[in-house]
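Notes follow the structure.
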Amino acid sequence: MSHSESGTGVRQAQKQQSRRALLDAGLRLLEQQNLSGLGVREVTRAAGMSPAGFYRHFPDLSALGVVLVEESLANLHGMIRAALAEQGGQGDPEALIDRAVEVVAAHVREHRAYVRFLARERHGGVREVREAIAAELRRFADEVAEALALQPVSEGWPAGEVRMLAELYVDLLVMTATAFLEVGPQGEAELARTARTRLRLISVGRRHWREG
């Protein structure tokens, strides 16, 4: 490797490190406030950088917020996809419900700051971030709809109705994730039971929907 290539690699690593520091600082600060009330100086001070350094990575705070949205949901997407793959198209819907609630609880325990950020900004004052969250949740619902369509109970369902069912599941999982933020370890078991019951009510309705 030449000196110029080595220098380029170091600069790229430093750039990524600085970008990560800004994202982490922003996420920490957003645990206590909305993005619309946050300032660039506040973020750069928390990251140990100058305000000018911020603009080498993001055009504005909205752009930083959009990246945090992508990071917030990427991990949950992966975990839910894995749960769906475990059960497969022929899997037991009841087992899938249990697994989905376990996945959401684990996600909240490991990524509380991200979940709090999503809960706060989903209906917050920054349009770009609201739209990014809505787009990610639509993509999430698309993935769930694909899995639901493979299950035998969905046979004969129009694609639009499967998609609406997926949205019901996703909305309830997001609501459950937000609720997990507000309960301590003692309350997690009861909340998980409530979430499973709500999901099963949807599942029961699903089984009888086409008969109505």
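The values are calculated or read from the model by the stated rules, or taken from the named source; none is laboratory data. Predicted, not measured: the structure shown is a model, and the values here were computed from it. Glycine also receives a Cβ, built like all others from the backbone with ideal geometry; neighbour counts cover every protein chain displayed. Ligands, DNA and RNA are excluded from the accessible area calculation, which covers all protein heavy atoms including side chains. Shrake-Rupley method; radii C 1.70, N 1.55, O 1.52, S 1.80 Å.
Table: residues versus (1) more than 16 Å from the chain's Cα centre (by Cα); (2) closer than 15 Å to residue 27 by Cα; (3) small (Gly, Ala, Ser).
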site	(1), (2), (3)
65	no, yes, yes
78	no, no, yes
97	yes, no, no
112	no, yes, no
115	no, yes, no
152	yes, no, no
Practice problem: Could you please find all residues in segment 15-39 being assigned to a helix (DSSP H, G or I), open to solvent by 30 Å² or more (accessible area, probe 1.4 Å) and not small (Gly, Ala, Ser)? | Solution: 15, 16, 17, 19, 20, 24, 28, 29
Self-check item: Evaluation of residue 124 against (1) modelled with pLDDT under 95; (2) assigned to a helix (DSSP H, G or I) (one fails), failing number
Solution: (2)
Practice problem: Go through segment 151-173 and give me each residue that's open to solvent by less than 30 Å² (accessible area, probe 1.4 Å) and under 16 Å from residue 100 (Cβ atoms). | Solution: 151, 165, 166, 169, 170, 172, 173
Quiz item: Can you name the residue in segment 174-212 that is polar (S, T, N, Q) and modelled with pLDDT under 90 and, of all such residues, is least open to solvent (accessible area, probe 1.4 Å)?
Solution: 203
Self-check item: Matching option when the condition is on the phi < 0 side of the Ramachandran plot and at pLDDT 95 or above, among 6, 18
Solution: 18
Quiz prompt | In segment 192-205, the residues that are within 16 Å of residue 98 (Cβ to Cβ) and free of Cβ contacts under 8 Å to residues at least 60 places away in the same chain | solution = 193, 194, 197, 198, 201, 202, 204
Exercise. Working carefully through the options 46, 74, find the one that is assigned to a helix (DSSP H, G or I), more than 28 Å from residue 143 (Cα to Cα) and open to solvent by 30 Å² or more (accessible area, probe 1.4 Å).
Key: 46
Practice problem: Check segment 130-140 and report whether any residue there is farther than 27 Å from residue 37 by Cα and either touching a strand residue (DSSP E or B) at 6+ places or on another chain (Cβ under 6 Å) or buried (at least 19 other Cβ atoms within 10 Å of the Cβ) (or both). | Solution: yes
Exercise. Would you check if there is a residue in segment 67-80 being over 27 Å from residue 148 (Cα atoms), at pLDDT 95 or above and of a type outside the set (Gly, Ala, Ser)?
Key: yes
